[in-house]
Amino acid sequence: MLDTHARKYVQPAIGHAADFFLRRGLSANQVTIISFIIGVAAGPLVYLGLGPAAVLLLWVSGFLDAVDGSMARKTRPSAFGTVMDVTFDRLVEISVLLGLAFLFPDLMWLFLLLSVSIIFSMTVFLTVGSVSDQKGIKSFYYQAGLAERTEGFILFTIMILFPSILLYSTMLFLFVEVFTGIQRLVEAKKILKEPAE
């Protein structure tokens, strides 16, 4: 939701950062890799109990993840770059979830359910993006929803920094992901109109 509706407020900063990296000869794919390395490092920091540092890396990674897309649109978008971007985003999320699961093994069952809900929501998102004829600023149809990347980062931040309410924040994240998956399925039914049998 925030990625879709609040992007215009942060786009100037994203655009400036994209220009900065392009002037220095970096490609969008190289920034995608840098974003991935920074983001995936958050998981081990969570496990080591270095929550504030993990959150900082997570948000820096998220910012660079937006910057690489802006760089691609300013140059020549790469199909493989899109594959890397989506794949690396999920690996960053997996890293954080693993860090939390190993730090709080008593809640591992809940992190597993959260992982399943993310898989569900992302499966709908990617499948609709693949089969839809509609295109947006991305190289595939982008389905907005209650939970987009920014909401995920906000919830991860709460989970990492406030372990006393970890059960409740993770359950909230689980609910939001399931709701988003259902929301996207309902939208898919509307936009992917099948011919009458």
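The values are calculated or read from the model by the stated rules, or taken from the named source; none is laboratory data. On a predicted model such as this, the values are computed, not experimentally measured, just so you know. Don't worry about glycine lacking a Cβ; one is built from the backbone with ideal geometry, like all the others, and counts go over all protein chains shown.
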Condition check: surrounded by fewer than 16 Cβ atoms within 10 Å (Cβ to Cβ), in contact (Cβ under 8 Å) with a residue 60 or more places away in the chain and either in a helix (DSSP H, G or I) or in contact with a helix residue (DSSP H, G or I) (Cβ under 7 Å, 6 or more places away or on another chain) (or both). Does Arg90 satisfy that?
no
Can you find a residue in the range 130-143 that is at pLDDT 75 or above and over 19 Å from Val83 (Cβ atoms)?
no
Which is under 15 Å from the mean Cα position of the chain (by Cα) and surrounded by 15 or more Cβ atoms within 10 Å (Cβ to Cβ), of Val67, Val128, Val83?
Val67
How do the pairs read when you match residues in the range 39-61 that are buried (at least 16 other Cβ atoms within 10 Å of the Cβ) with residues anywhere that are not in a helix (DSSP H, G or I), using Cβ under 6 Å and keeping only pairs 6 or more apart or on different chains?
Leu57/Ala41
Only residues that are within 18 Å of Leu45 (Cβ to Cβ) and of a type in the set (Val, Ile, Thr): list them for the range 98-124, please.
none
Would you mind stating whether Ser117 is among the polar types (S, T, N, Q), within 16 Å of the chain's Cα centre (by Cα) and either within 27 Å of Ala54 (Cα to Cα) or at pLDDT 90 or above (or both)?
yes
When the range 93-107 is examined, which residues are found to be surrounded by 14 or more Cβ atoms within 10 Å (Cβ to Cβ) and either part of a helix (DSSP H, G or I) or of a type in the set (D, E, K, R) (or both)?
Glu93, Ile94, Ser95, Val96, Leu97, Leu98, Gly99, Leu100, Ala101, Phe102, Leu103, Leu107
Single match in Leu50, Leu22 (criterion: closer than 17 Å to Ala101 by Cβ and over 15 Å from the mean Cα position of the chain (by Cα)):
Leu50
